[in-house]
Amino acid sequence: MTDTVPTRVQLALNVDDVDAAVAFYSAMFGVEPAKRRPGYANFAITTPPLKLVLLENKGAAERLNHLGVELGSVDDVDAQQTRLGTAGLISTDERDTTCCYATQDKFWVEGSPDGERWEFYTVLADSPTFFAEVSDSESGSCCGAPAATAASTGAGTSPPAPADCC
């Protein structure tokens, strides 16, 4: 296995007003969002290396939506999942899933001492929709991924709720 280096750490925040948040973070980091859709924005910040995701969830009890690590390729995602599995961490696999206006290959690590969930992912393509189009029977899957592709690795965890995905 080759060593992989994260492209950038991801911080996904719930915000009450995405327009106000975009104005603030654009001024703070000196860059405009890399992607902007209704109720959603993401920044690909070079310095410091950060993927900042803003999800409009007015009145959300928690400001932190989730944490993540954006990787450069599917091979990097696979290598990180193998490394973390060897370390005894349990992951939930999601391949070819659409979330946050992007098609992604990713997995989630849960079970941190304080309950944070970490998403390790790579973007495969841009998407015109936040989630994939799914039937009613698939609506419980994370980010619109059909249940058959959201497989658990290890002792098993459930996929994150769609509102928590990026």
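The values are calculated or read from the model by the stated rules, or taken from the named source; none is laboratory data. Keep in mind that what you see is a predicted model, and the values were worked out from it rather than measured. Note that each Cβ is placed from the backbone with ideal geometry, even for glycine, and that neighbours are counted across all protein chains shown.
Please verify whether the stretch 79-99 includes one or more residues that are in contact with a helix residue (DSSP H, G or I) (Cβ under 7 Å, 6 or more places away or on another chain) and of a type in the set (Lys, Arg).
yes
Checking Gly59 against (1) farther than 16 Å from Asn14 by Cα; (2) loosely packed, with under 15 Cβ neighbours inside 10 Å; (3) among the small types (Gly, Ala, Ser), only one condition comes out false. Which one?
With (1) farther than 16 Å from Asn14 by Cα; (2) loosely packed, with under 15 Cβ neighbours inside 10 Å; (3) among the small types (Gly, Ala, Ser) applied to Gly59, the lone miss is (1).
I'd like the full set of residues that are assigned to a helix (DSSP H, G or I) and more than 17 Å from Asp126 (Cβ to Cβ), limited to the stretch 64-92.
Once the filter is applied, which keeps residues that are assigned to a helix (DSSP H, G or I) and more than 17 Å from Asp126 (Cβ to Cβ), the stretch 64-92 yields Asp75, Asp76, Val77, Asp78, Ala79, Gln80, Gln81, Thr82, Arg83, Leu84, Gly85, Thr86.
Is it true that some residue in the stretch 93-112 is over 19 Å from Ser127 (Cβ atoms), of a type in the set (S, T, N, Q), outside any strand (DSSP E or B) and at pLDDT 95 or above?
Checked against the condition, which is being over 19 Å from Ser127 (Cβ atoms), of a type in the set (S, T, N, Q), outside any strand (DSSP E or B) and at pLDDT 95 or above, the stretch 93-112 yields no hits at all.
Every residue in the stretch 45-78 that is among the charged types (D, E, K, R) and either in contact with a helix residue (DSSP H, G or I) (Cβ under 8 Å, 6 or more places away or on another chain) or closer than 19 Å to Ser112 by Cα (or both), please.
Glu56, Glu62, Arg63, Glu70
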